[in-house]
1. Restrict the check to segment B:245-256 and report whether at least one residue is within 14 Å of chain A (Cβ to nearest Cβ) and either surrounded by fewer than 20 Cβ atoms within 10 Å (Cβ to Cβ) or more than 27 Å from A:D271 (Cβ to Cβ) (or both).
2. Can you tell me which of A:S96, A:S8 is modelled with pLDDT under 80, assigned to a helix (DSSP H, G or I) and polar (S, T, N, Q)?
3. Run down A:P382, A:P341, A:P409 and say which single residue is surrounded by 21 or more Cβ atoms within 10 Å (Cβ to Cβ) and not assigned by TED's automatic domain parsing to the domain that holds A:Q231.
4. Hey, among the residues in segment A:242-270 that are in contact (Cβ under 8 Å) with a residue 60 or more places away in the chain and touching a Ser or Thr at 6+ places or on another chain (Cβ under 6 Å), which one's surrounded by the fewest Cβ atoms within 10 Å (Cβ to Cβ)?
5. Does segment A:399-421 contain any residue that is away from chain B (no Cβ under 14 Å) and closer than 22 Å to A:S122 by Cα?
6. Just to be sure I understand, how many residues within segment A:228-275 are within 14 Å of chain B (Cβ to nearest Cβ) and not in a loop (DSSP other than H, G, I, E, B)?
7. B:I260: within 13 Å of another protein chain (Cβ to nearest Cβ), modelled with pLDDT under 95 and surrounded by fewer than 21 Cβ atoms within 10 Å (Cβ to Cβ), yes or no?
8. Do the conditions hold for A:T57, that is, is it surrounded by 14 or more Cβ atoms within 10 Å (Cβ to Cβ) and in the same structural domain as A:S144 (by TED's automatic domain parsing)?
Amino acid sequence: MKLTKMKSTPWRSLSTAAAAAALLAGAAAGTGVASASATPNARVAQTFGVNATGTVTFWARAATKAIPDALVKEFNATHPHLKIVLHLTPNNEASSELATAIRAGTAPDLVGLNDINVPAFSKEGALLNVTKYVNALPYKSSLSPGHLKLATIGSQYYGVPYLADLSVLWYNPKLFKQAGISGAPKTFAAMLQDAKKITSLGHGDYGLSFAGDCQGCLGFTMLPSIWASGQHLVTGPLGKQNANIDHNAPLKSLLTDYHEIWAGKMAPHADQAQNGSTWGDDFAKGNVGMLPGDYGFVTNYLKSMPKSEFADAPLPGANGGPGSTFDGGDDFVIPAGASNPSGAWEVVKWFLARSQQEQYPALGDTPIRSDILTSSFLAKYPYDAVALHTLKYGSVEYTLAYNELFNAPGSPWDKMFNEAVYNGNVSGALSSGQASFQSTLASVDS
Amino acid sequence: MEGAALGDGRDVPVPGAAASRRRGSRSRRERLEARAGLALVSPAIAMVAVFILFPLGFCVYISLTNWPLIGPYHFVGLANYTALPHDSVFVQSILFTLEYTAIVTIPILVFGYLMAVFVRSNRPGASIFRTCMFLPYIVGLTTLSFLAEVELQPGYGTANVILSKLHLASINTIWVQNANLALAAICVLVVWLASGFTMMLLLAGMQGVPEQLYESADVDGASWWEKERLVTIPLLRRSIALSLIISVVGSILAFNQFYIITDGGPGTSTVSLVMEIYETFNTAMHVGAASAMAVVLIVVVGLITFVQFRVLRSDDA
């Protein structure tokens, strides 16, 4: 027996949203907002999210609280007709809380959802289709492509980028200079050579450090280098996806380099136990040459290190190029059952406006629009400028199985990394990785 | 006083009638008392029904579906249950949880008992020791797990520093990358924490043992060990049973320490049963399968507790 309780909610809510939008369109037409020559769809796009009233319940992840905390206060102070009520969701339970609320018919109006979890909701019709509103944004082309990709089903958008949590390559210019290296590596080979040179300085210096027991951190920092080389680990549309592991040349090359770094003692011994809780702290001590890490580490480094000892660069590709980054962070999504979708979209547009985006770096994250990068931004936030510059080259693995493939304990990615890097069996790891990635994808697709 | 009314206004007792009316009166009182009792316990019954029985029934219902985190679902019968024996991580998590339970249960009881013996007297300083030994339990497993995670770090963790100075381990020992080392470290942590709680349970039982029994044993020339074996332990049977049941159930439900310290690694070698349920629900988003695992867990805990009750119950129970 097929139970379709869930399916009725999105349609009902879409109808409600459409009716609300139509009403707003009519109201706006009366105030002259919509032009007489505009098509009905265009009128809706122009009036939806304009001068909305009432309350918008906004759920944001606790991990990103600095931005919503600050900006919600500012919004409420400047928008007497529309009030945001902010609720912070626990970091690991944001998806399950949202799913429970949607099932119970108590969905919030707006959610800042971890972008890798967006396809799981959009595929089931649980989110409002915002395609025409996204298309109407004048800065659409500068929005993070990876974030937008995860909010896309076919050619339809079910969300819009909200904030970027990006991966970069941190390096120590002081150690680089001592080792005779001119700048951050742009290829895998250069990264390996640089690691050797820095380690050979002695004095307990290490060429590179990585979070070797944190499968999520490893995916965050290693996958961009594979994307920068033109490959992904998962290919194909949702429902018909394939693993691209055993014939993935950049993946093989990267795992081989990491093994060489590990076997050659170019990385701290403690890396094998680094589960992410103190990730990046070793770099702050000044004796690690490179750290593929999170841009957010900058807060700690600015406090604890001389500026001559840290700088960031894009994560390199196998053979050069502009590099890449993991388009981590959140998308804005409006649940299909939201009671005030127009208000939610007004909030979204306000958050994405330049004046708010320019506040993101001071609040710990990167803007989601690449056109925010200007010379004044570069001068004010030089480290974030690197991340923001790489935003347009960023990417993601577009799959419903990301957590199972990469983040879960004993995930295919975790096993493959351990076997290749610590045991040195790169070919065997790729071979078994192909099978386990494929079977995981098949279990999700079925 | 019940009786027949006389013309002069006095009451004359009529035994038969009075007894009958007393019986009737007592019945009414009993009925009233029964209703009052029912009314008094009805909030508790309602709470149990709403917060335990209904969620339990709903969990069983979900376990019979392919319920995802979001989206439509349909009945799959017992498919979630029949798939469990073929889920290698689930089977491994059960075996690992039982192994962990078997390792920590007896040390918790033994150390808890010895600590209770040590602090049960009213000698000066006993209360300080009692507080110190109970303190880890107050601090809590989550906090201690985070502390342990730091202190087990290779290179600078206190555990490695001390053990390396004693020439018992390298300062670079990576505890969490070896399943046996990780399990050993977590077992030490849990025994340290849980022994304090067992100590308090047994201490309460010890304080209920009549002092005269020890005096009689002294008169008979019993040694310390004979007094413990022949007086204390038999009279602590119920307290020991309670502490064992709490300890075993707590071990089977272990989650925090593994989630924080090892995250189930290396690989999936330290994934506990509850952690596997959590990952199946929260990471894989297979709510139906996770519910089936939870039902199995409930049955396992129920069976073990039942067996413990049968084995450890007092003869006078």
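1. If we filter segment B:245-256 for residues that are within 14 Å of chain A (Cβ to nearest Cβ), which is where we start, we get B:255-256.
Next, from what is left, pick out any that are either surrounded by fewer than 20 Cβ atoms within 10 Å (Cβ to Cβ) or more than 27 Å from A:D271 (Cβ to Cβ) (or both): B:255-256.
Among the residues of segment B:245-256, at least one is within 14 Å of chain A (Cβ to nearest Cβ) and either surrounded by fewer than 20 Cβ atoms within 10 Å (Cβ to Cβ) or more than 27 Å from A:D271 (Cβ to Cβ) (or both), which makes the answer yes.
2. On the way: A:S96 fails: modelled with pLDDT under 80.
Selected residue: A:S8, the only one of A:S96, A:S8 that is modelled with pLDDT under 80, assigned to a helix (DSSP H, G or I) and polar (S, T, N, Q).
3. Details: A:P382 fails: surrounded by 21 or more Cβ atoms within 10 Å (Cβ to Cβ); A:P409 fails: not assigned by TED's automatic domain parsing to the domain that holds A:Q231.
It is A:P341.
4. Taking segment A:242-270 as the starting set, the residues that turn out to be in contact (Cβ under 8 Å) with a residue 60 or more places away in the chain are A:242-243, A:245-246, A:248-268.
If we keep only those that are touching a Ser or Thr at 6+ places or on another chain (Cβ under 6 Å) as well, we get A:242, A:246, A:250, A:254, A:266-268.
Working: A:N242: 15, A:D246: 17, A:P250: 18, A:L254: 25, A:M266: 24, A:A267: 25, A:P268: 23.
If we take residues in segment A:242-270 being in contact (Cβ under 8 Å) with a residue 60 or more places away in the chain and touching a Ser or Thr at 6+ places or on another chain (Cβ under 6 Å), then A:N242 is surrounded by the fewest Cβ atoms within 10 Å (Cβ to Cβ).
5. Checked against the condition, which is being away from chain B (no Cβ under 14 Å) and closer than 22 Å to A:S122 by Cα, segment A:399-421 yields no hits at all.
6. Our first condition is that a residue be within 14 Å of chain B (Cβ to nearest Cβ); within segment A:228-275, this holds for A:238-239, A:262, A:265, A:267-275.
Okay, now just the ones that are also not in a loop (DSSP other than H, G, I, E, B), so A:262, A:269-273.
Counting residues in segment A:228-275 that are within 14 Å of chain B (Cβ to nearest Cβ) and not in a loop (DSSP other than H, G, I, E, B) gives 6.
7. On the way: within 13 Å of another protein chain (Cβ to nearest Cβ): yes; modelled with pLDDT under 95: yes; surrounded by fewer than 21 Cβ atoms within 10 Å (Cβ to Cβ): yes.
Considered against the rule, which asks whether it is within 13 Å of another protein chain (Cβ to nearest Cβ), modelled with pLDDT under 95 and surrounded by fewer than 21 Cβ atoms within 10 Å (Cβ to Cβ), B:I260 comes out as yes.
8. Details: surrounded by 14 or more Cβ atoms within 10 Å (Cβ to Cβ): yes; in the same structural domain as A:S144 (by TED's automatic domain parsing): yes.
Yes: the conditions hold for A:T57.
The values are calculated or read from the model by the stated rules, or taken from the named source; none is laboratory data. Note that the structure is predicted; figures quoted are calculated from it, not measured. No Cβ is skipped: glycine too gets one built from the backbone with ideal geometry, and neighbour counts run over all protein chains shown.
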